[in-house]
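Take a look at the structure below.
The values are calculated or read from the model by the stated rules, or taken from the named source; none is laboratory data. Quantities reported herein were computed from a predicted structural model and do not represent experimental measurements. Cβ coordinates were reconstructed from backbone atoms using ideal geometry, including for glycine residues, and neighbour counts include every protein chain displayed. When the accessible area is computed, the model is the full protein with side chains, heavy atoms only, and any ligands, DNA or RNA have been set aside. Shrake-Rupley method; radii C 1.70, N 1.55, O 1.52, S 1.80 Å.
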Amino acid sequence: MYSSDSQLCDWPSFEQEFSGSPQLIAHFKQAITTAHAVLAERFWRDYPVIELVKQRAWLIDQLLARAWKHFINSESHDIALIAVGGYGRGELHPASDIDLLILLAEDDDRQHDEAIGKFVLFLWDIGLEVGHSVRSLNECVKQARADITIATNLLESRLVVGSDNLFAQMQIRTGPDQIWPGRDFFQAKLEEQIARHHRFGDTSYNLEPNIKENPGGLRDIQTIGWVAKRHFDADTLHDLVDHGFITEQEYNILEKSQTFLWKIRFGLHVIAHRKEDRLLFDYQRTLAEKFGYRDSEHRLAVEHFMRDYYHSVMELNRLNEMLLQLFDEVILFEGDKNKINTINRRFQEHYGFIEVTHPGIFKRYPFALLEIFLILAQHPELRGVRAETIRLIRDHRYLIDNDFRNDLRCQSLFMELFRQPRGLTHELRRMHRYGVLGKYLPVFGNIEGLMQHDLFHVYTVDQHTLFLLRNLRRFMVPQYSHELPLCSDIIKTVPKPELLYLAGLFHDIAKGRGGNHSDLGAEDALEFCRTHGLSNFDANIVAWLVKNHLIMSTTAQRKDISDADVINEFAENVGSQERLNYLYLLTVADIRATNSTLWNSWKDSLLAELYYATMRAFRRGLRNPAAEIDRHDETEAAVLEQLKNDNFTEDEVRAYWSTLESDYITRYSVDEIVWHIRSILTTPPDQLPIVLVREQTHRGGTELFVYAEQDNHVFAIITAILERQGLTITDARITSSKHGYTLYTFIVLESDGEVISDQYRIKDIIDTLEDLLPKTDLAQLYAHQPRQPLPRQLKHFPMPTEVLFRDDSRNQRTIMEVVARDQPGLLAKIALALVKCKVKVHNAKIATFGERAEDIFFITDLNQQPLAQEGQFEELRKTITQLLEG
């Protein structure tokens, strides 16, 4: 087909040089290099990728055939070189493996061993990535019978050179009438796909998807092709149209999606100069630019590109599900007789699946497009939807227009689904897959496949929303109550869970439009609730939750929640215990659905602390000074009672309290204060500093307590040592005494977000701090601090450092916010800047959102006064920026 393509390879010249060249390896390598350069140049000129993958396969055919004849006796009829896998299909991307089977006629044939060895070594020497096996005919049959992967590879086999007869025998003996009949083959491939999807989290919508193996990827198309070839003897996907399994339109969608994924894969291989099937950040922007995408007002070019990718895999997911369901019915239930059970006038159960009673049902009763999902939620015994009914749903989505959305029956069916005790998540995801959810809610359709190009949001907006709803429903399931007991208890008190689910559905619905997505989403939610018959009271709850869905997490992570004013301000914004319950559940579900690594025990305890503090504020009354005095007195009494049991007198304890800052009692919990004072009052001065570690505390992390002589360098030294140990600091509180000592309390986690559980590691941390704290020179410590390279993903998200200041007049402090690209040693560098600028830190809240660090510091000068001069702000801002960006 391409033999006259002289640009790809000038075969007459190649043959002439090949016949007499002593530099055989160099000759072949040059031919491959030239051809690959031609293919890459054609690719960037938008040459059809389907032709390019075939051209490379054909090129390799020609080279292998010539090399084979050079090493293997061309007269031999007992050996053959066979292409398998993707190469067998005649599809080769620039760096795809070249999978080969060297087939022998006899089991004990050793006459070709030396020649085969030289041939394979030659292929490696010329730079081909070869995966090969050498098997006899009998071995092929035996291993294919035992392993579905080998059977699948042989299914796609193609003779490159060698014995035609031997290849034909192998095809016959590994055919469906000999091994892996269609029914068994389909079941095995179905289970294989399910397992593969599980390995990738059952989602295609990751930030760096694998375009081959992810759900909706190229492997799903191949699965359809394998089953079609094995059971229906279909050589191409278009043959399924002739068999009546897919329509011409569905075939066009398959072909278009496959071409788009091939284009991405080809580009990945060209850019990476190796086999690469992961659409990494390293390549996304480059491919977007090369493919002609451009930035728009509200979206980056790379976001447009990735949205097209997600739409393609979504369509492939939908078709894959429908076709495998169709194969299931034809193959697994072939010949079975099954009674049809009527569900209602429009639907019936057949083979355990729901189907329409007549092909014209949706045309006659458009509301049935929603009714089917409600029935599935109400009948958990149903296994799914018949393939032909899935096709009918897809074909009748055009009926979902404004008249449909304003139909009271449709609105009632949609709301009834949200009120079901089970099945909501499953059916919303099914509605999403079938393309119904985005049609019924156009605002949801706007966020389908929408990515945010950062490391914080690891899923597309629509997938994140569905995960959030799954999390909310999970709170209701008794068997999962041990995961988040507080959530499981609170949700039992929620009067109308459907309001919570609607808030979850709408919380990010306005992403990607520009403007404040919380405000815009609240408007959408309010309009939806009113058109769907909710009362003004309920509609306002949903809209308020959407508008304020971020305030609990931002308050907990960015403000000092030991401060009564912070709690009162938050409680006034929330307004009632009922709203607090809804908001807490929504916040937990949202964080856990954003990023699998985001949720940890510290965030769990932080949100719970804010929840309980707000609940107490509601009970005592907001802005009630007497209540704060009561809280202070209660804490004091509880501490004294516990220390009394350790033989400490009240006078001793109060005498020590009198040396500390006035807010000490309100900033720490009872057990923390007891822990501090017990250790301080029992440790002689000559044994300082005190370094203690508690593995797990109510604050959700490992708690580190250091008591040392006052020195502005200590905080910087501790942070440097902890970061050198690979620990993540999430919270730091510092309290000074009048006796010249300082109490440092840190909450730390391992880099994976877990508490420190290894006792040897805990001992090493304590020993290191005890050894270095009294005598370490700060400048020397930082000079020898290990310089860790920036992680690969972070390199693609450069961002300027921002240092912002605001006044905290009530507490006589300055609040400093540092927003910067996350990086190894970030907190230690900021601590060093504070020392250089003679600034004292009293409290720190450390938060990282993907590539973005947002750290809050409560600071004063060395005289305990807030920063007041612009020169102080500018010096600190400049020093931090230089250390983080230098």
**Fill in**
Given the conditions (1) in a loop (DSSP other than H, G, I, E, B); (2) among the polar types (S, T, N, Q); (3) open to solvent by less than 40 Å² (accessible area, probe 1.4 Å), every one holds for S312 apart from (1)
**Message:** If I856 satisfies all but one of (1) at pLDDT 90 or above; (2) over 35 Å from the mean Cα position of the chain (by Cα), what's the number of the condition it fails?
**Reply:** (2)
**Request:** Only residues that are open to solvent by 60 Å² or more (accessible area, probe 1.4 Å), among the small types (G, A, S) and either within 16 Å of I815 (Cα to Cα) or part of a helix (DSSP H, G or I) (or both): list them for the range 864-886, please.
**Result:** A868
**Prompt:** small (G, A, S) and not in a strand (DSSP E or B): does that describe A844?
**Reply:** no
**Request:** Inspect all residues belonging to the range 234-251 and state whether any of them is more than 34 Å from the chain's Cα centre (by Cα), at pLDDT below 85, buried (at least 20 other Cβ atoms within 10 Å of the Cβ) and more than 15 Å from L319 (Cβ to Cβ).
**Result:** no
**Request:** Tell me, yes or no, whether the range 281-295 has at least one residue that is within 16 Å of L319 (Cα to Cα), assigned to a helix (DSSP H, G or I) and not polar (S, T, N, Q).
**Result:** no
**Asked** Mind checking whether some residue in the range 89-103 is open to solvent by 30 Å² or more (accessible area, probe 1.4 Å), over 26 Å from R274 (Cβ atoms) and either assigned to a helix (DSSP H, G or I) or in contact with a Phe, Trp or Tyr (Cβ under 7 Å, 6 or more places away or on another chain) (or both)?
**Response** no
**Prompt:** Which one is least open to solvent (accessible area, probe 1.4 Å), of the residues in the range 526-561 that are in a helix (DSSP H, G or I) and charged (D, E, K, R)?
**Reply:** D538
**Asked** Counting just the residues of the range 842-852 that are at pLDDT below 85 and of a type in the set (G, A, S), which one comes out least open to solvent (accessible area, probe 1.4 Å)?
**Response** A847
**Item:** Among (1) without any contact (Cβ under 8 Å) to a residue 24 or more places away in the chain; (2) open to solvent by less than 70 Å² (accessible area, probe 1.4 Å), the one test that F119 misses
**Value:** (1)
**Message:** Just the residues that are outside any helix (DSSP H, G or I), touching a residue at least 40 places away in the same chain (Cβ under 8 Å), open to solvent by 10 Å² or more (accessible area, probe 1.4 Å) and closer than 13 Å to I354 by Cβ, please, taken from the range 381-420.
**Reply:** R386
**Item:** Selected residue (only one of Q55, Q62, Q30 is over 19 Å from E139 (Cβ atoms), in contact (Cβ under 8 Å) with a residue 24 or more places away in the chain, open to solvent by 40 Å² or more (accessible area, probe 1.4 Å) and among the polar types (S, T, N, Q))
**Value:** Q62
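Being in a helix (DSSP H, G or I), more than 19 Å from H112 (Cα to Cα) and of a type outside the set (D, E, K, R) is the filter here; which residues of the range 61-88 pass it?
Within the range 61-88, Q62, L63, G85, G86, Y87, G88 meet the criteria.
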**Request:** Identify all residues within the range 315-350 that are outside any helix (DSSP H, G or I), of a type outside the set (A, V, I, L, M, F, W, C) and modelled with pLDDT of 85 or more; write none if there are none.
**Result:** N341, T342, N344, R345, R346, Q348, E349, H350
**Request:** Take E523 and decide whether it is out of contact with any Asp or Glu (no Cβ under 9 Å at 6 or more places or on another chain), open to solvent by 10 Å² or more (accessible area, probe 1.4 Å) and not in a helix (DSSP H, G or I).
**Result:** no
**Complete:** Exactly one of I762, I718 is out of contact with any helix residue (DSSP H, G or I) (no Cβ under 8 Å at 6 or more places or on another chain) and in a helix (DSSP H, G or I), and that one is I762
**Prompt:** Out of the residues in the range 652-703 that are of a type in the set (V, I, T) and under 39 Å from the mean Cα position of the chain (by Cα), which is modelled with the lowest pLDDT?
**Reply:** T697
**Prompt:** Checking R470 against (1) open to solvent by less than 30 Å² (accessible area, probe 1.4 Å); (2) touching a residue at least 24 places away in the same chain (Cβ under 8 Å); (3) assigned to a helix (DSSP H, G or I), which single condition isn't satisfied?
**Reply:** (1)
**Message:** For the range 667-686, give me the residue count where each residue is in contact with a helix residue (DSSP H, G or I) (Cβ under 6 Å, 6 or more places away or on another chain) and open to solvent by 10 Å² or more (accessible area, probe 1.4 Å).
**Reply:** 1
**Asked** Among the helices (runs of 4 or more DSSP H) confined wholly to the range 110-159, which include 3 or more residues that are under 30 Å from A228 (Cβ atoms) and in contact with a Phe, Trp or Tyr (Cβ under 9 Å, 6 or more places away or on another chain)?
**Response** 148-155
**Fill in**
Restricting the range 771-803 to residues that are in a helix (DSSP H, G or I) and within 30 Å of Y707 (Cβ to Cβ), the one modelled with the lowest pLDDT turns out to be A783
**Message:** What pairs come out if I take residues in the range 421-446 that are among the hydrophobic types (A, V, I, L, M, F, W, C) and pair them with residues that are not in a helix (DSSP H, G or I) whose C-beta lies under 9 Å away, six or more apart or interchain?
**Reply:** V436/I400; L437/E448; L441/I509; V443/I509; V443/A510; F444/I509
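Among the residues of the range 107-116, is any open to solvent by less than 40 Å² (accessible area, probe 1.4 Å), β-branched (V, I, T) and within 27 Å of S6 (Cβ to Cβ)?
Step one: filter the range 107-116 for residues open to solvent by less than 40 Å² (accessible area, probe 1.4 Å), giving 109, 112, 115-116.
Subset that is β-branched (V, I, T): 116.
When the remaining residues are screened for being within 27 Å of S6 (Cβ to Cβ), the result is none.
Within the range 107-116 (the criterion being open to solvent by less than 40 Å² (accessible area, probe 1.4 Å), β-branched (V, I, T) and within 27 Å of S6 (Cβ to Cβ)), the answer is no, since none of the residues qualifies.
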**Complete:** In the range 849-863, anything under 12 Å from A820 (Cα atoms), part of a loop (DSSP other than H, G, I, E, B) and in contact with a strand residue (DSSP E or B) (Cβ under 8 Å, 6 or more places away or on another chain) is listed as E851
